[in-house]
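A short write-up of the structure that comes next.
The values are calculated or read from the model by the stated rules, or taken from the named source; none is laboratory data. Only a predicted model underlies this, so the values are computations on that prediction, with no experimental measurement involved. Please note: Cβ atoms are built from the backbone with ideal geometry, for glycine as well, and neighbour counts cover all protein chains shown.
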Amino acid sequence: MSQFDLILKNGTVFLPTGRTVTNVGVKDGKILQIGNCDIGDEIIDCANLFIFPGLMDTQCHFREPGGEHKETIETGTKCAALGGMVGIFEMPNTNPLTTKPEALEHKIQRGLDTAFTDFAYYFGGTFENSKNLPEWENLNGVCGIKIFMGASTGNLLSASDEEVEAVVANGKRVIAVHAEDEYLMNENKTTILGDSNDVAMHCKWRDVNSSLNATKRVVGLAKKHNRHVHVLHITTADEMHFLRQNKDTATVEVLPNHLTMHAPDCYEELGTLAQQNPPIREKHHQDELWKAINDGTVDIVASDHAPHTLEEKSGIYPNTPSGTPGVQTLLPIMLNHAAEGKLSYERLVDLMAYGPIKVHKIKNKCSIIKDYDADFTIVDPNLTHTITNSEQASKSAWTPYDGKTVKGMPVMTIIRGNIVMRDGELLDRIQVKPIEFDLN
């Protein structure tokens, strides 16, 4: 009987202590040995490849239930596996909203039945369910609480300080925040956008102040209640300056779209396909996001995969939906930035593996350590590839990066020792699991 079920040989392995050329032996879905491994049922030569710990996309909208014409848990996690992700966190603005245990349980069952990667779900925090959150935040499969201060509908919108504070004051786990000030944006839509149908106005009326004001408000409330908030998809230099001074309370996420595209060029080239919330802004804001990536202010890079059909996107602005697909292109875009010297490969791993551990307290994943889950994202840093709409597994069938050539691609996704993607092709679906967290 072989000592190992799988051996990854001669790869450049990214360990918590740094990168080294070595072997990794896997047994029963766990990392059994790092170093000398000889006899295994399957041996994969990883020479000239990077062996990352399994990477996570911690912000996805897979639209199920209620929006299955845009995406499903199955198609979204197919995208994730093709993009090198071993797990995803999915958002609560589905229909019905994920604000009750029954809605969460439905999504967990759909994940068990159809997903191609491991998964966890944000539980929607609202004024109405706030008193239940200390119990419900600890339900199986929950990665944290999510609040929308703007850009949502129904009772998932927490626009006022009273609504936000009700959530912040109840519970202990991390709260992920979409921080845009609903009141300021409503006023700006009338006074700044007016009757315009120009999508380039998107970053004008959803202005810096609407983001900065909401971020300051939620951080202030978090300090009052000694609560950790994770502020999502930061877009402005002003917010980064503020958050840099408040790392004791807030962790920070940025998106590849905001690191890669900028106004006004993106709106001229892509029109409403570049429309998302918070908006893609001018180059000087992007420059500050990169500065924050490299000085450690940013904790996580995630996709905010938010698909809509091309038909929906082809309407007249502003009556067009905000959001772009992204989970399949998250890693290729970031690998290309690394190849261009914008960040190190170690920092990329930090932002998509160790950052999620730190922010969300993920258990036994996202790190190449003995006895952890044998999850790996294997990358060819020298492989050039042109991204196309036709290769996207998303139901929406498009990407804002159509035609973009990148250097660096995931070539294998391995979950608990099972190869789920190899050389751009999905293999048989494995039995996936809800991601576990350290709740102590």
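Quick notes on this one:
- Those residues of the stretch 384-440 which are farther than 30 Å from Ser314 by Cα, assigned to a loop (DSSP other than H, G, I, E, B) and not basic (Lys, Arg), in sequence order: Gly417, Asp423, Leu427, Asp428, Ile430, Gln431, Val432, Ile435, Glu436, Asp438, Leu439, Asn440
- Residue that is farthest from Gly11 (Cα to Cα), among those in the stretch 398-418 that are β-branched (Val, Ile, Thr) and touching a residue at least 24 places away in the same chain (Cβ under 8 Å): Thr399
- Restricting attention to the stretch 120-145 and to residues that are in a helix (DSSP H, G or I) and of a type in the set (S, T, N, Q), the residue that is farthest from Val432 (Cα to Cα) turns out to be Ser130.
- Restricting the first member to the stretch 371-391 and to residues that are touching a residue at least 60 places away in the same chain (Cβ under 8 Å), and the second to residues that are among the aliphatic types (A, V, I, L, M) and surrounded by fewer than 17 Cβ atoms within 10 Å (Cβ to Cβ), the beta-carbon pairs closer than 8 Å and six or more apart or on different chains are Pro381/Ala339.
- Filter result for Gly125 (buried (at least 20 other Cβ atoms within 10 Å of the Cβ) and farther than 26 Å from Ile145 by Cβ): no
- The requirement of being over 16 Å from the mean Cα position of the chain (by Cα) and either on the phi > 0 side of the Ramachandran plot or not in a helix (DSSP H, G or I) (or both) is fulfilled somewhere in the stretch 100-107, by at least one residue.
- Yes/no for Asp380 being in a strand (DSSP E or B) and either at pLDDT below 95 or acidic (Asp, Glu) (or both): yes
- Count of residues meeting criterion [buried (at least 21 other Cβ atoms within 10 Å of the Cβ) and of a type in the set (Val, Ile, Thr)] in the stretch 392-407: 2
- Inside the stretch 172-187, residues that are surrounded by 18 or more Cβ atoms within 10 Å (Cβ to Cβ) and either under 18 Å from Ser130 (Cα atoms) or not charged (D, E, K, R) (or both) make up a count of 9.
- Test: Asp350 is of a type in the set (Asp, Glu), in a loop (DSSP other than H, G, I, E, B) and at pLDDT 95 or above: no
- Matching residues, the stretch 187-240, being assigned to a loop (DSSP other than H, G, I, E, B) and among the hydroxyl-bearing types (Ser, Thr, Tyr): Ser196, Thr235, Thr236
Let's see how each residue does on (1) modelled with pLDDT under 95; (2) surrounded by fewer than 24 Cβ atoms within 10 Å (Cβ to Cβ); (3) charged (D, E, K, R); (4) in a helix (DSSP H, G or I):
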residue	(1), (2), (3), (4)
Thr12	no, yes, no, no
Ile43	no, yes, no, no
Glu74	no, yes, yes, yes
Ala81	no, no, no, yes
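- Applying the condition of being within 28 Å of the chain's Cα centre (by Cα) and more than 16 Å from Ile415 (Cα to Cα) to the stretch 14-33 and asking which residue is surrounded by the most Cβ atoms within 10 Å (Cβ to Cβ) yields Phe14.
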